[in-house]
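Down below is the structure, laid out as structure tokens.
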Amino acid sequence: MKGQKIEEMSNEALLKHKKTTEIATGMLAGMLLALLVMVVFLATKKGLNATSIGLGVIPFAFMPILFLNWNNLKAIKKELNSRQNIV
């Protein structure tokens, strides 16, 4: 699947890739949200220091991966819909 384009995949492979991407994207979004909440909590309780600033950068650094997964998921859904699959 690494070098294979979405248009060249079979329906079964697309459905498997869609499910995997949905799970990974959801988990990544949840973890980034939890980390962001913990950073805000840490900054309010202990003050704004190097640790809270350093941890605060991580959610923003991983957001492009989240957006790439989101766009990939939209492309997979679009391809499945173009093949007349109701998912």
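The values are calculated or read from the model by the stated rules, or taken from the named source; none is laboratory data. Keep in mind that what you see is a predicted model, and the values were worked out from it rather than measured. Because the Cβ atoms are built from the backbone with ideal geometry, glycine has one as well, and the counts that use them run over all protein chains shown. Surface accessibility is based on the protein's heavy atoms, side chains included, excluding ligands, DNA and RNA. Shrake-Rupley method; radii C 1.70, N 1.55, O 1.52, S 1.80 Å.
Below, the figures for the structure above:
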quantity: Scope the stretch 1-23; condition assigned to a helix (DSSP H, G or I) and open to solvent by 50 Å² or more (accessible area, probe 1.4 Å); matching residues; calculated: Glu7, Glu8, Asn11, Glu12, Leu15, Lys16, Lys19, Thr20, Glu22, Ile23
quantity: Tally, over the stretch 46-61, of residues that are modelled with pLDDT of 90 or more and either assigned to a loop (DSSP other than H, G, I, E, B) or loosely packed, with under 15 Cβ neighbours inside 10 Å (or both); calculated: 4
